[in-house]
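Comments concern the structure below.
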Amino acid sequence: MRIVITGASGQLGSELNELLANETEKECYFLDRKQLPLDQMLLIQDILAMYQPDLIIHAGAYTAVDKAEEEPALADLVNHLACEEIAQYCHLHGTKLIAISTDYVFDGGSAVPLTEDAPTAPINVYGRTKLAGENAIQKWCSEAIIIRTSWVYSSYGKNFVKTMCRLMAERDEVNVINDQIGSPTYAKDLARAILKIVDAANWEAGIYHYSNEGEISWYDFAVAIRDFHSFDCQVKPIPMSAYPTPAQRPKYSLLDKSKIKAVYDVVVPEWKESLSKMLAEEIKNTKISIPNTHYAIL
């Protein structure tokens, strides 16, 4: 199987690269923004044709949520129109497609975990462009699989977990939002779920949800990070209203994972278990040094 993975330098792309490093039955090509510029519509299909993939895992995206409010046209190019080009290529060449989307396609008004058929109503540019990308994929490539995920973190790249570790090592106190509810996603767990779909005997097109198990706030997440490392730092809960950002965030975006569990027998780890594994891996790989009595990310 010949696979093209976009977003090679991102969190998910990096985890996929690690998991597939010793793969002998798959010929994998990891393309970053230089090798596959997702803002250059006239190049995308020609570049994909060079690799002639059997499957594309489209993990590349414009993910700067606040900056997207200032650059809506660029965000739309990368998150929407590039998806359309990729989906058209897959339609024309019979290529399978797994594309990654986001919980930000929802408005945050729900009070129960969101199923794949819950009404979408994004409240920021990022969410609107990602939803437009979903629609373009389904229009041109009806056999595609779309996986929505949330609050992604990893040992790779910049993310909430690594930022909290750095801040808690430097400060006596941090403020973290306590009224935005969802569940984090360890990118390695998501990568494993994707590869389980790739290797499955069945291919059932449609939208799926994936995040780790549990319902928490960003505040709960930060407290768990602090407690793991025994940081001497107070974590203070604040409401979203006390921390205004250019882009609105959905207050509630907990994803229901029943479908992906039932169709592909995916086992979804609990969020705290996955967080502990990621932080332990950071220490093992010496990405964390130990100043005095607690850890800090280098």
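Here, each number is a calculation from the coordinates, and none is a lab measurement. The structure displayed is predicted, hence computed values, not measured ones. Please note: Cβ atoms are built from the backbone with ideal geometry, for glycine as well, and neighbour counts cover all protein chains shown.
Anything over 32 Å Cα to Cα? Flag those among Lys96/Lys284; Lys34/Lys272; Lys130/Lys272; Lys67/Lys284; Lys96/Lys261; Lys236/Lys261, in the order listed. Going by Cα-Cα distance, Lys96/Lys284; Lys34/Lys272; Lys67/Lys284; Lys236/Lys261 fall outside the 32 Å limit. With the largest listed first and rounded to whole Å, the semi-axes of the equivalent ellipsoid of segment 1-94 from the Cα gyration tensor are 23, 17, 9. Database remark: amide H of Ile146 closer than 5 angstrom to the amide H of Ala99, Gly206, Ile207, Tyr208 (H placed geometrically; neighbours at sequence offset of 5 or more, or on other chains; Pro and chain starts carry no H). The label point for Glu18 and the one for Glu170, both projected 7 Å from the Cα toward the Cβ, are 2.4 nm apart. Just to confirm the number: angle between the C-alpha axis of helix 41-51 and the first principal axis of the chain, 0 to 90 degrees, nearest 10? Around 80 degrees separate the two axes. In order along segment 245-251, the Karplus-derived 3J(HN,Hα) couplings, from 6.51 cos²θ - 1.76 cosθ + 1.60 at θ = phi - 60°, round to 10, x, 9, 5, 10, x, 6 Hz, and Gly and Pro are given as x. Stokes-Einstein D for segment 87-231 at 10 °C, 1.306 mPa s, Kirkwood Rh over Cα pairs, in µm²/s? D, rounded to a whole number, is 93 µm²/s.
Please state the shape class of segment 200-268: rounded when a/c is under 1.5, otherwise prolate if a/b exceeds b/c and oblate if not, all from the C-alpha gyration tensor. Judged from the Cα gyration tensor, segment 200-268 comes out oblate (a/c at least 1.5, b/c at or above a/b). The packing ranking of peptides 9-15, 100-106, highest mean first, is 100-106, 9-15, where packing means the average number of other beta carbon atoms within 10 angstrom of each residue.
Can you check what the Kirkwood hydrodynamic radius comes to for segment 117-201, Cα pairs only, in Å to one decimal?
Working: mean 1/r = 0.0623 Å⁻¹.
For segment 117-201, inverting the mean 1/r across all distinct Cα pairs yields 16.1 Å.
Considering Cα pairs under 8 angstrom that are at least six residues apart, work out the relative contact order of the chain and quote it in whole percent. Write down the numbers at each step before the final one.
Working: 577 pairs, mean separation 59.0, N = 298.
Averaging sequence separation for qualifying contacts and normalising by length gives 20 percent for the chain.
Note down the relative contact order for segment 14-165 as a percent, whole number, built from C-alpha pairs under 8 angstrom at least six residues apart.
Values: 183 pairs, mean separation 37.7, N = 152.
Here the relative contact order equals 25 percent.
Could you tell me how many degrees, from 0 to 90 and to the nearest 10, lie between the Cα long axis of helix 125-140 and the main elongation axis, the longest principal axis, of the Cα atoms of the chain? Its long axis makes an angle of about 30 degrees. The angle between the Cα long axis of helix 218-229 and the longest principal axis of the Cα atoms of the chain comes to about 70 degrees, rounded to the nearest 10.
Legend: calculated FRET efficiency, Ala205 to Asp227, from the Cβ-Cβ distance at R0 = 30 Å, rounded to 0.05, equals 0.10. Across segment 136-194, the mean sequence separation of Cα contacts (distance under 8 Å, 6 or more residues apart), normalised by length, yields a relative contact order of 41 percent.
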